[in-house]
Amino acid sequence: MPKFYLTTAIDYSNGDPHLGHALEKVGADCIARYRRLRGDQVHFLMGMDEHSQSVLQAAAKGGVQPQEWVDRMASRFADFWARLECSNDDWIRTTEPRHSRSVTELLRRIQQRHPADLYVSEYEGLYCTGCEEFKQDSQIVNGHCIEHPSLELIPTRERNHFFRLSRYADQLLGLINSGNLRVEPAIRRNEVLRLLESGLQDISVSRLRQPWGIPFPGDAEQTVYVWFDALINYLSATGFPDAGFERLWPADLHIIGKGITRFHCVIWPAMLLAAELELPRQVWAHGYVQWEGAKMSKTAGTAVTLDEAIDRHGPDALRYFLLREVGFEADGNFTWERFDERYTSDLADGFGNLASRTLAMLAKYRNGAVPNAADRMALDDVGLNAVEEYARAMAALDLRRGAEAAWTIVSAANLFVQQTAPWALAKAGKDAELDQVLSALARALCRLAVLTSPFIPAKAQSLWQDLGMEGEVARNSWEVAREAPVAGRTTSRPSILFPKPASV
Ligand SMILES: [Zn+2]
């Protein structure tokens, strides 16, 4: 089985997760689940970025020690990700010893292999505590950071360790242009290429006397800069530098937000080149969840909490809406109105209704047994086309198109029920025809259980069981999507997958 190591960005523990965090995590989870369906040995990493200055400020404001604060936040984030059914295999926190050891070793390795890549110099600039980085003129609008217009930039002058990033621009251009380091989608790749073509400046990789962070190896006065520290989490989680870390490394896919491509597509690969380690194979930078046209983030103000969004129609519905409507590529809007519309049309009336009417007819006309009528029907053609279209979309990480492909089966099957009118066939005693129709519908549901499982895992599993299938739909069931082996199975009376909201 091929290994597939994928990661999400690790989150600052300075405030509760919001819909923007949730989009990234469920998108990555959807990809992880799809790779498992295909039989890959998936290793899915999520975690927390705990050394930032904003964490120190948040802890001070909360009147607790930073460690107590990050412990509390880590458990809050983990609770949310569990509610949203994130199937991560590991959870890394940058305050863990396995991480600090790995950071120290990576820096030592750069010091040994390319000593000229690290040097000491004076730095003066404007620091954004939201981004945890010094901002360049092009990133400042009206005296504020573009990403954090509500925060003050802090003038800072200090002696730091620097990383000779400027040395790597041409090499990175070559690696991205040749596809050895894939940066997707194309709009992000082009941004990164333009940045590299304009040349790179060296970057500060330490801060003077920060009380919260990892000591810089060989310089007790300095702390490793939080971004340099944070990026290394992807490597720490493989066990680096211990023997065997290459079983996971290099990462096959880093999932990040579009605002941090410079760190992941420029600084991180350059750090790895300097340490003579393999580069990640692919970086995917998704867009932002927007609420009334503005980015959803803590510092920009939150209009809707993740709690409310999950409680509205349940976790599976939120996962589906984020990936289908907001999307995993460009920015997309979140509104209650669209959420309610999608819930009703795609989930309650579409998918849920198809499942419940099909299972109810199987119970009523065939005592729950799926007839053994294997003739390939037009509905099977729709299903098999959907499987292929879905596979193409998922390989391209086009999750929206993947969901669309699966839902073509829903609409075709609901139409098929109307056109074939199984109740009329039953009344007229056309048993052979009724067998064909019920059997084709059961195959459609079986394909749907597989294809929708990365998007709505709990509901897909529930349908899988109602169809009389054994075990978990989530593992190695890709061939089932093609063959739909439901003939002869004993189905259950339908569970209500997506209840109609009381107000509708
Ligand atoms: Zn900022």
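The values are calculated or read from the model by the stated rules, or taken from the named source; none is laboratory data. Keep in mind it's a predicted model, so treat the numbers as computed, not measured. Don't worry about glycine lacking a Cβ; one is built from the backbone with ideal geometry, like all the others, and counts go over all protein chains shown. Just so you know, the surface numbers come from the protein's heavy atoms only, side chains and all, with ligands and any DNA or RNA stripped out. Shrake-Rupley method; radii C 1.70, N 1.55, O 1.52, S 1.80 Å.
The simple spin-label model puts a point 7 Å past each Cα toward its Cβ; for ILE187 and ASP311 those points are separated by 3.4 nm. Translational diffusion coefficient of region 178-274 (Stokes-Einstein, Kirkwood radius from Cα pairs, 20 °C, 1.002 mPa s): 141 µm²/s.
Compactness ratio of region 51-177: Cα Rg over 2.2 N^0.38 Å, N = residue count?
Numbers: Rg = 18.6 Å, N = 127, 2.2 N^0.38 = 13.9 Å.
The reported ratio for this selection is 1.34.
Using helices alone, I'd like the mean residue ellipticity at 222 nm for the chain: each DSSP H run of four-plus residues gives -39500 (n - 2.57), total over residue count, nearest 500. Spell out each step's value before the answer.
On the way: 19 runs with 222 residues, N = 504.
The helix contribution divided over the chain gives -13500 deg cm²/dmol.
For the Cα atoms of the chain, what angle does the longest principal axis make with the long axis of helix 53-62, in degrees from 0 to 90, nearest 10? Taking Cα atoms only, the helix is inclined about 80 degrees. Evaluate E = 1/(1 + (r/R0)^6) for LYS364 and ARG392, where r is the Cβ-Cβ distance and R0 equals 51 Å; express this FRET efficiency to the nearest 0.05. Rounded to the nearest 0.05, the efficiency is 0.85. Both radii come from the Cα set of region 154-232: Rg as radius of gyration, Rh as Kirkwood radius; their ratio Rg/Rh reads 1.08.
In terms of the ratio Rg/(2.2 N^0.38 Å) built on C-alpha atoms, what value belongs to region 37-110?
1.35
Extension gain, TRP336 to ASP242: 0.36 nm times the residue separation minus the Cα-Cα distance gives 29.0 nm. In plain terms, if you count all Cα to Cα distances in region 205-248 and split them into 10 Å steps from zero, the share in each step is 29, 38, 27, 5 percent.
Could you state, as a whole-number percent, how many of the C-alpha pairs of region 213-368 are farther apart than 25 Å?
Values: 6665 of 12090 pairs.
Result: 55 percent of Cα pairs exceed 25 Å.
As an equivalent ellipsoid, region 310-449 spans semi-axes of 31, 17, 11 angstrom, where each value is the square root of five times an eigenvalue of the C-alpha gyration tensor, largest first. Each 10 Å bin from 0 upward holds the following percent of the Cα-Cα pairs of region 371-504: 12, 41, 35, 11, 1. Simple spin-label estimate for ASP137 and ARG357 gives 6.5 nm between the two label positions (7 Å along the Cα-to-Cβ direction from each Cα). Its relative contact order, with pairs defined as Cα atoms under 8 Å and 6+ residues apart, puts the chain at 16 percent.
Note on the chain: Cα-only Rg and Dmax are 25.6, 89 Å. Taking a ≥ b ≥ c as the square roots of the Cα gyration tensor eigenvalues, region 180-222 comes out prolate, since a/c reaches at least 1.5 and a/b is larger than b/c.
Here, region 437-489 is characterised by an Rg to Rh ratio of 0.92, where Rg is the alpha-carbon radius of gyration and Rh the Kirkwood radius.
With protein chains left intact and a 1.4 Å probe, residues in the chain average 40 Å² of accessible area per residue.
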